[in-house]
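Okay, structure first, notes after.
The values are calculated or read from the model by the stated rules, or taken from the named source; none is laboratory data. Keep in mind the model is a prediction, meaning the values are calculated, not measured. Cβ: placed from backbone, ideal geometry, glycine included. Neighbour counts: every protein chain shown.
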Amino acid sequence: MAVTPLPWLQAPLAEALRQQRAHAILVHGPSGVGQFDFGLALAQAWLCEAVTPQGACGHCTGCHWMASRTHPDFRLLMPDAVREALGWGGEAAAESESKTKAKPSREIKVETVREAIAWSHSTASRGRGKVVLIHPAQAMNAVAANALLKTLEEPPAGVRLLLCCAEPEALLPTIRSRCQRWRLDLPSQADSLQWLQAQGVADAAVLLAASSGRPLDAAALAADGVQAAQWRALPVAVRRGDARPLAGWPVPRVVDALQKLCHDAMAVCVGAEPRYFPADALSGNADLQQLAAWSKTLSRAARHDEHPWNAPLLAESLVLDGAKAWAPAAPQRVATLTGR
């Protein structure tokens, strides 16, 4: 079966198949749009033995191998932590995890890149060439990125490289200059909402706004147990110093939600429109200086959100810090002419 691209990626995929002219393509765009899904669908089309103008046929041997993640001419380079999150661990990763309690790496290491380069020089099994997909490309550490440069410039015959990322400027200029760039834009709100509703996401418009219009990020919110009602209730709860709407959320999700609330509260204070929360859930009577101080606290927490925090205690502490911005000002003592 074919890797079915997300609805908003079908037209870009067909266009990429028509216009692709380089051996290396850099797929980029906002996170939550589907760079990895696009790269996977493009890789399958390249390896398909009966490819159509719209993409892979879904019926040939190559497509069946891609569907089962066993194609001998496809190599995926991805940090262990991302593999785990996307469910691409496989048996080898499970075996490795059972042997060690080390935290999954967030980097693509040089050994992985060198192994892929050595593999690319062997003969293709199916005669359709070979494909190396790197996601996210900015996860390559500096040594790994430099090890890839020569292959990007002079790849073995029949080898194609796909680099997917949300932040192309985080890559080395020498990496970017060797790739044909392909940008994916945000889908329309209508397309995003239709897809989210088909995934069973309730009140999808609220979570889509919470994710800056990025449908995959909105789906991830729902998968983490974040409900639209909780999101709507968060501003009022924070004003009261109540962290209960955040119960059970992962620490990175807690910090991200509070940063978005702080942003919207500051926007309302200066007469701008909120971005992440419904306007009717926000109040404009916050103290801007206190919000600025809270923003700094949240930024510090974000830099260490992978630390093994006690999540409930951290959430409560951050919410109480935020509540200070809405606390009524203490009455000031006015001096009289008599000095009393």
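Looking across 190, 265, 220, one residue alone is part of a helix (DSSP H, G or I), of a type outside the set (Lys, Arg) and under 27 Å from residue 308 (Cβ atoms). It is 220.
When the range 167-184 is limited to residues that are of a type in the set (A, V, I, L, M) and crowded, with 18+ Cβ neighbours inside 10 Å, the one that is farthest from residue 77 (Cα to Cα) turns out to be 184.
For residue 213, the conditions (1) surrounded by fewer than 22 Cβ atoms within 10 Å (Cβ to Cβ); (2) of a type outside the set (S, T, N, Q); (3) under 16 Å from the mean Cα position of the chain (by Cα); (4) assigned to a helix (DSSP H, G or I) are fulfilled apart from (4). Picking from residues in the range 224-261 that are in contact (Cβ under 8 Å) with a residue 12 or more places away in the chain and basic (Lys, Arg), the one that is surrounded by the fewest Cβ atoms within 10 Å (Cβ to Cβ) is 240. Going by the conditions given, is residue 150 assigned by TED's automatic domain parsing to the domain that holds residue 44 and in a loop (DSSP other than H, G, I, E, B)? Spelling it out, it is not the case that residue 150 is assigned by TED's automatic domain parsing to the domain that holds residue 44 and in a loop (DSSP other than H, G, I, E, B). Taking the stated definitions as given, is residue 264 of a type in the set (Asp, Glu), crowded, with 17+ Cβ neighbours inside 10 Å and assigned by TED's automatic domain parsing to the domain that holds residue 311? Considered against the rule, which asks whether it is of a type in the set (Asp, Glu), crowded, with 17+ Cβ neighbours inside 10 Å and assigned by TED's automatic domain parsing to the domain that holds residue 311, residue 264 comes out as yes. Is it true that residue 55 is in contact with a Ser or Thr (Cβ under 7 Å, 6 or more places away or on another chain) and buried (at least 18 other Cβ atoms within 10 Å of the Cβ)? Taking the combined requirement at face value, the residue does not satisfy it.
Every test in (1) part of a helix (DSSP H, G or I); (2) free of Cβ contacts under 8 Å to residues at least 60 places away in the same chain is passed by residue 157 save one, and that test is (1). Do you know which of the residues in the range 108-152 that are among the small types (Gly, Ala, Ser) and free of Cβ contacts under 8 Å to residues at least 40 places away in the same chain is surrounded by the most Cβ atoms within 10 Å (Cβ to Cβ)? Among them, the one singled out is 145.
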